[in-house]
Amino acid sequence: RTMTPYVRTFDEIGAADGALVGGKGANLGEMTRAGLPVPPGFCLTAPAYRDFVEAAGLQPAIDEALANLDPGDPASIEHCSARIRQLISSQPMPPEIAAQLLRAYHHLARQLAVPLPTELPVAVRSSATAEDLPTASFAGQQETYLHVRGDQALLQRVKDCWASLWTARAVSYRARQGFDHLQVYLSVVVQAMIDAEVAGILFTANPVTGNRGEMVINASWGLGEAIASGLVDPDTIVVRKQDGAVVDRRIAAKEQMIVCSPAGGTATIPTPAAQRQAAALTDQQIAALLALGQRVEGHYQAPQDVEWACAGGRCYLLQARPITTLPAAEATPDPAMEYSRTMFVEIFPQALTPSFASVVKPVFESMLEFTFKTLGFALPQEMEGVSMFYGQPYFNRSYIVAALQPLSPAVREQLATQIVSPFGRHQQEIRGELSPAYAGMVARLLRLLLRLPGELPGLIAGYRTAIAEAEALPLALLSDQEIFGHVRRLVLVNAREILDYDFLMIALIGITYQILGSMLKPHYGEDMEALRARLISGLTGNITMETNKRLWDLAEVARNSPATTSLLRAYEPEDVLSHLTPEPAAQDFVAALEAFLAEYGHREIRMDIIHPTWGEDPAPVLGFVRSYLDAGEARSPHRQQAHLVEKREALTAEVRSAMRSSIRGRLVVAPIFDWVLRQTQVHTRERDTIHFELTRLFPPLRAMLHELGRRWTQQGLLDDPDDIYYLTLEQATAMVESPQPMQKAVQAGRVAYRDNLSRSWPDIIRYGQEIYRGMEDGEEQSGEDGRWQGVAGSPHVATGHARIIRGPEEFHSLRRGEILVAPSTDPAWTPLFALAGAVVTEVGGILSHGAIVAREYGIPAVMGVRGITDAIQTGQRLTVDGNRGLVTLDEP
């Protein structure tokens, strides 16, 4: 009979042959025929696997194993997988298939002039194919074997590839997606092995920002498997396609490398010391890879994810596949626009993960649009209100100015400045004008002032109901699509229901605060600033302060038990709970901790969903409790707030008396003052309530993402459940619609996130120019004379030793009475205020979190002191004048 042809060389196949040689083989053939530098090789076709199963009589045994498979039981999947793989590996290869395979192997050796054809090193790669299924290739589900040498080794590795069609992750993947196991076949790629000096991955479009004008190269020493497996953190080079300019280059510590072993196979070895911190690619190699990437992308007419290797002065292409999960292109700043990050500096002082950054933009766009519609302004067409640069959100000031077009130029500019920088220091108060647009805006604001306090409880109740429903979902019983639908609903619907009001509340506070100052100034002159701050201090019902009172109460429970106190001091917060739980004397504290976490466990340590909440990881709570053990009763937030309330009420009565000193004052000024003061106090308090309620979505959102991450890891699409945080919302959406391996997209997201951890973001991008803090005229704060001028955030004066704290990981270092000096603070920092003698931050203003909480604790605070964390050192003695906004270094 006629012998079936089981072998096809690369130059005999192309993109249309996926059903014969799988997606990987078809791509290699396509690139070879396009004249691209692909190491030569051939494919053992899918019919070879099918005929091997038939010749060995394995089908009944495979059917039996599948009949006993329980897709929901990992143990059952593993048992089925092991049984079928053992059957395949133990069977001899049919002589006809083996003969064709070895004949092609020897021919390849002669083609490459290898003296001993049976010693040619090759890479043996699985290339899955399927008929009538949504996916043409299950890339990442099967195995690859590198540096295979000799006839017997090749025959065994081909069978190992066939067996890998039945790995547990591949079986689980097909079961979950509803694919018919018996309709999936496997081709095997045999390709000349490149003993790479340097290798890696090339993305012909930026996979993180979506910028199609950039290519991103990951490179490391040795074989590319070191990058694909996550063994090393590779060098990352971003190249502009237009002119080949390197726009960003990060040299990583490449401590290990994978190399070809002389005996066959590969070995992982330490990278020579001289190479670890050295750039893996020369400028000439970068240029060569750029040219190759452009050729590949030009051939396929779409962005590609390319594996490459360089050896002997030449670069080769090992694989190419489309970047199907490319996010929308990150916007390039329009040179006619001005963008500002000022509002977000305090909210997002750290780098954002790709997952969190991708939801920030639509949420803040909604908030801005809601604000303008509520105030009666039409939204500008064909302009974005929020843009993303460097993975960070920026308000488009030009959009805001355009929305306020009906107002006069002077009012429009002043109002736009306060919108983009609501927490900052403003030299001028907004002046009114006689125009229908201004009158309408004021009328709507007044209505909002009157109705929002009454509406907010209902909004929060509805939001809590939605969160409770999300927490009650039986995630294990839901499909990926159903879970992801709930994810989108949480962040794009439920969060907006209360967050839309946040920006309006900031605006209301700013306006009433200005009015309050205008009313106080005629009576108190230069003392107005400190007086105004005292009038909005000691506000009962502030949720941030209530949280801290409960933390203090928790420390009180610990103080009542010497054994508990001893354990809290003996062990680090990360470890102490395991020692407290079995201790009989600590049971009251453990029960109090559980009650606290039940109510406040949704709080975050950083504003990003990658970080665990207090309920998931109570270490921050235990750290605060330990700090409070030695704080002393004078630091009690209960005592401090009671003292502030008493002082505020006495001061309010004094001011009211001064304003009622005339008939006009009694009849007009004093009643207006009372109303404005009450509105300022209420809205200042309730803004913290919105943030507190918003974070309730963190636990159910993280639970949903963890479930998806767990499933996708089990299916081999991710390496770790937490990898999901390095995918954007768009990439995760694509995953749900068409599951595929995402390890390279995760790697790109992880590298970008690490880069952003040390990146400085411009505060303003004005008409193409990037402006950083301190570059603006009139903002000299050098501190050369040991004095820094900032914003008076909380009155009073204090002197103490500085303690620089840059993030939550350093919270434990603050000692009682020290001056807390930080880039910024958010609600997670609040417990530190019970210990600090004063607070100094680099960003923020009178309405920022640090200022509000400092006033609640009655400690001085100066905000917006740029560069202070770099200008001073921990231990230096500072005087913080919260009345004048002045920080003074008391010793050289």
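In segment 188-244, taking the dipole from charged Cβ atoms about the Cα centre, the farthest positive-side position among S229, T204, M193 is held by T204. Straight-line cross-link partners of K521 among the lysines, defined as a Cα under 28 Å from its Cα and at least 8 positions apart when in the same chain: K647.
Under 5 Å from the amide H of H796 lie the amide H atoms of G882, N883, each residue being 5 or more positions distant or on a separate chain, with H modelled from the backbone and absent for Pro and chain starts. Computed from Cα positions, the angle between helix 436-471 and the longest principal axis of the chain comes to roughly 50 degrees. Cross-link partners for K241 among the lysines, with Cα-Cα distance under 22 Å and sequence neighbours closer than 8 places in the same chain left out: K744. If the segment from R489 to R666 were pulled out straight at 0.36 nm per residue, it would be longer than the present Cα-Cα gap by 58.6 nm. Take the Cα of A34, go 7 Å toward its beta carbon, and the backbone nitrogen atoms of segment 306-326 under 19 Å from that spot belong to 306-310, 315-326. Within the same chain, aspartates and glutamates fewer than 8 places from K159 are excluded, and of the rest, those with a Cα less than 20 Å from its Cα are D51, E54, D63, E78, E96, E119, E143, D151.
Solvent-accessible surface of the chain, taken per residue with a 1.4 Å probe and all protein chains present: 40 Å². On full extension, the segment bounded by Y524 and L58 gains 158.3 nm, given 0.36 nm per residue less the C-alpha separation.
The share of accessible area on the chain that comes from carbon and sulfur is 52 percent, using a 1.4 angstrom probe.
Quick check: net charge around A228, other residues with Cβ under 9 Å of its Cβ, Lys/Arg +1 and Asp/Glu -1? Summing Lys/Arg as +1 and Asp/Glu as -1 gives -1. FRET efficiency for the pair Y772 and D283, taken as 1/(1 + (r/R0)^6) with r the Cβ-Cβ distance and R0 = 22 Å, rounds to 0.15.
Contact order, relative form, for segment 685-748: 26 percent (alpha carbon pairs under 8 Å, 6 or more residues apart, mean separation divided by residue count). Taken about its Cα centre, segment 287-395 carries a charge dipole of roughly 360 debye when the Cβ of each Lys and Arg holds +1 and the Cβ of each Asp and Glu holds -1.
Here the Karplus relation 6.51 cos²θ - 1.76 cosθ + 1.60, evaluated at θ = phi - 60°, turns the backbone of segment 298-305 into coupling constants of x, 5, 8, 6, 6, x, 10, 9 Hz, with x for every Gly and Pro. Entry note, the chain: the mean residue ellipticity at 222 nm calculated from DSSP H runs of n ≥ 4, each adding -39500 (n - 2.57), is -14500 deg cm²/dmol after division by the residues and rounding to the nearest 500. Taken one residue at a time, the phi angles of segment 336-352 give Karplus couplings (6.51, -1.76, 1.60, θ = phi - 60°) of 8, 10, 10, 10, 9, 9, 4, 5, 8, 4, 6, 6, 10, x, 10, 4, 9 Hz. Gly and Pro are set to x. In plain terms, the C-alpha convex hull of the chain casts an average shadow of 42.5 nm² when viewed from every direction.
Extension gain, A585-A311: 0.36 nm per intervening residue step, less the Cα-Cα distance, totals 92.0 nm.
Amide H contacts of Q256 (H built 1.01 Å from N, in plane; Pro and chain starts excluded): T271 sit under 5 Å, all sequence-distant by 5 or more or on other chains. Backbone geometry of segment 529-535 corresponds, through the Karplus equation with coefficients 6.51, -1.76 and 1.60 at θ = phi - 60°, to 3J(HN,Hα) couplings of 4, 5, 5, 4, 5, 5, 6 Hz, x marking Gly and Pro. Here the chain carries DSSP beta bridges of which approximately 90% are antiparallel, counting only pairs with both residues inside. Helix 409-420 axis versus longest C-alpha principal axis of the chain: approximately 60°, rounded to the nearest ten. 5 Å is the cut-off here: which amide hydrogens, built 1.01 Å from N in the peptide plane, fall below it relative to G265, excluding neighbours closer than 5 in sequence? Long-range HN contacts for G265: V148, R149.
Taking every C-alpha pair closer than 8 Å and separated by at least 6 residues, the mean separation divided by the residue count of segment 252-307 gives a relative contact order of 24 percent. Using a cutoff of 8 angstrom between alpha carbon atoms and counting only pairs six or more residues apart, the relative contact order for the chain works out to 11 percent.
Label-point separation (nm) for A658 and L66, each offset 7 Å from Cα along Cα-to-Cβ? The two pseudo-label positions are separated by 8.6 nm. Between E78 and D51, the simple label model (points 7 Å from Cα in the Cβ direction) yields a spacing of 3.8 nm.
The values are calculated or read from the model by the stated rules, or taken from the named source; none is laboratory data. Note that the coordinates shown come from a computational prediction; the quantities given were computed from them, not determined experimentally. Cβ atoms come from the backbone with ideal geometry, glycine included; neighbour counts cover every protein chain shown. Only protein heavy atoms, including side chains, enter the accessible area calculation; ligands, DNA and RNA are left aside. Shrake-Rupley method; radii C 1.70, N 1.55, O 1.52, S 1.80 Å.
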